[in-house]
Amino acid sequence: MACLLQIVISTFILSFLFAIVHSDTLFKKPLFNTKTPYFWVRNISDVIQENEFSTAVLNGETCQLEGLNILLRHGSRFPTLKWIKRMTALHSKLTANAAILSKYPFMNKWTNSFPENQQGLLSTLGVEEMKILGKRFGTRFKVLLDGKRKQVKFATSFRDRTKSSFKYFYDGLNEVSPSSGPAPEAKVDNTKTRFYERCLKYVKEVDDNDEILKEANLFEAGSKISYIVQKVQTKLGAPNISIDFDDVFVIHQICAFELGQNGQSDWCQFFNIDDLRVISYWDDLEEYYKTGYGYPINWQQTCPYTSYLFERFEEAVTNSEKPNSIPPIDIFFGHQDTILPIFTAFGLFKDSESFTAANFDANINRKFSTSEITPFSANIAFSLYKCEANGKHAFTIFVNEEPVNIPACGGAICSYSDVKTYYKELAKCDFDKICDTSSAVQFKGYTILSIVTLVLITVMI
């Protein structure tokens, strides 16, 4: 009898440990929305071909790279202060219950590994992502970046995580394309990297509008989320403690950050793949209306970035016949709320199905999946090519290092003239008129409203 009991106990322990290890391995995929590490989306072991993106073929003619604009979201970071505090508070709530501690002894030893004084800063994982991306971009666009480093314009937002991302990206770039002399300075350009703070119309219509949460709230109140909450409650084995979806999502965030940065998290055992897909859809419902196709102002406000992009490329087209003309090369470091509206502005990742609480099954393989398109270190690169034989120019877009089809022509390589015509509202736009900034009091380039709401609208970015 004692031997049988020992076998049962050993089997239980092995099954428990297998479940934890299995979930850790199984979950290292694009499942955690904007908290997904970059190399769970892209293969870190990809063989990168030198000058892979240095040419493009348009109508049978080979065209040479002449201009480049890259925007990167900052690399993986620590949670923000709000989330660090929520993680600690939930742990305290659960460990106050003896039954939970008995069932999950890991909680007794667990400490929050995210220090408050590091909140929102670039993590070790983010450093590695940026270094590797610097190497990969430096290799793929070597013909334009090699020996022309002084011509590159680097810019960040005021956030430390974007400044650090620039630093480590540059280190990686410098490894594959060495440049003599000191590293360049990156300009702080909030106008292009944080346009959403200066756009009064966006703040009014979207950021301060609870209506953007309507579909996410409906989905949260539905059966799929309720099932997950009940399942976690049952797994905890403490019916006298009330668990709601807020608590479940905190567990989800601990799992995401620990698994990404530490490679393992005991908290992930409360979920399976299907749970993560449901939570991912809930999160995407908010992002769709906040930064995606839910409101026109989401893409219209990108004007400072898009108009600059076309202005720089126009200069290259105009000067392409002049000897010793300087190719435009710009590399920006921003946030998820920078890059997602720009995807939207160019009509990328647009689904045919409506994005509603009732449409989970129809959107299971959706294009607008933030886990896939805006992980940490997400990037978009716009490339301009000169076609020598006929003097025309080609245009391509790469998202997370992959060419994407451009709505302007339906293919991955378009005529630049077609692109400029198709996206004329992005090329020529009046930000002040679009965003109604004239009706707001200005202070050093920011509206008083944007200053007041700065912390509220950036804490999650």
Nearest 10, in degrees from 0 to 90: the angle of helix 160-176 to the longest Cα principal axis of the chain is 60 degrees
Can you give the relative contact order of the stretch 164-276 as a percent, counting alpha carbon pairs under 8 Å and 6+ residues apart? 13 percent
Rounded to the nearest 500 deg cm²/dmol, what is the calculated helix-only ellipticity per residue at 222 nm for the chain, with -39500 (n - 2.57) per DSSP H run of length n ≥ 4? -13500 deg cm²/dmol
Using every Cα-Cα pair within the stretch 122-192, state what percent have a distance larger than 19 Å. 32 percent
Sequence of Arg86, Arg140 from largest to smallest accessible area, 1.4 Å probe: Arg86, Arg140
Could you work out the equivalent-ellipsoid semi-axes for the stretch 90-163, taking the square root of 5 times each eigenvalue of the Cα gyration tensor, largest first, in whole Å? 45, 15, 7
Can you give me the % of accessible surface on the chain that is carbon or sulfur? Probe 1.4 Å, all protein chains present, nothing else counted. 54 percent
With axes computed from alpha carbons, what is the tilt in degrees of helix 223-236 against the longest principal axis of the chain, rounded to the nearest 10 within 0 to 90? 50 degrees
Per residue, in Å², the accessible surface of the chain once ligands and nucleic acids are set aside, probe 1.4 Å: 44 Å²
Per the charge dipole of the stretch 72-128 (beta-carbon charges, Lys/Arg positive, Asp/Glu negative, Cα centre), the residue among Ala89, Phe78, Thr111 reaching farthest to the positive end is Ala89
Tilt relative to the chain, helix 273-290 - C-alpha long axis, 0 to 90 degrees, to 10: 40 degrees
With charges only on Cβ, +1 for K and R and -1 for D and E, what is the dipole size of the stretch 219-261 about its Cα centre, in debye, rounded to 20? 220 debye
Tabulate in residue order the Karplus-calculated ³J(HN,Hα) for the stretch 313-321, using 6.51 cos²θ - 1.76 cosθ + 1.60 with θ = phi - 60°, rounded to whole Hz; enter x for Gly and Pro. 5, 4, 4, 5, 5, 5, 9, 5, 8
Taking the Cα centre of the stretch 18-93 as the origin, how large is its charge dipole in debye, to the nearest 20, when only Lys and Arg (+1) and Asp and Glu (-1) carry charge on their Cβ atoms? 1060 debye
Quick check on the stretch 363-403: what does the Kirkwood estimate of hydrodynamic radius come out to from the alpha carbon pairs, in Å? 12.3 Å
Residue among Ile273, Tyr293, Cys303 farthest towards the positive dipole end of the stretch 255-303, charges placed on Cβ: Cys303
Averaging over every viewing direction, what projected area does the convex hull of the Cα atoms of the stretch 242-355 cover, in nm²? 11.3 nm²
Magnitude of the Cβ-charge dipole of the chain, K/R +1 and D/E -1, about the Cα centre, nearest 20 debye? 860 debye
Would you work out which of Thr318, Gly134, Ala56 lies farthest towards the positive end of the dipole of the chain, given +1 charges on the beta-carbon of Lys and Arg and -1 on that of Asp and Glu, about the Cα centre? Gly134
Can you give me the P(r) profile for the stretch 69-215? Cα pairs, bins 10 angstrom wide beginning at 0, each as a whole percent. 10, 26, 26, 20, 13, 4, 0
Which whole-number percentage describes the relative contact order of the chain, with Cα contacts under 8 Å and a sequence gap of 6 or more? 26 percent
What span do the alpha-carbon atoms of the stretch 160-249 cover on each of the three principal axes, reported in whole Å from largest to smallest? 64, 38, 20
Sorted by chain and number, the residues with a modelled amide H under 5 Å from that of Asp330, at a separation of 5 or more or across chains, are Leu68, Asn69, Ile70, Lys153
Run through the DSSP bridge list for the chain and note the antiparallel percent, rounded to the nearest 5. 70 percent
Using all alpha carbons of the chain, what is the percent of pairwise distances in each 10 Å bin, ordered from the shortest bin to the longest? 4, 19, 28, 25, 14, 6, 2, 1, 0, 0
What is the Rg over Rh value, at two decimals, for the stretch 332-437, using alpha-carbon atoms and the Kirkwood definition of Rh? 1.01
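The values are calculated or read from the model by the stated rules, or taken from the named source; none is laboratory data. Because the structure is predicted, anything quoted here is derived from the model rather than measured. A quick note on method: Cβ atoms are made from the backbone with ideal geometry, for glycine too, and the neighbour counts reach across all protein chains shown. Note: areas computed on protein heavy atoms with side chains; ligands, DNA, RNA excluded. Shrake-Rupley method; radii C 1.70, N 1.55, O 1.52, S 1.80 Å.
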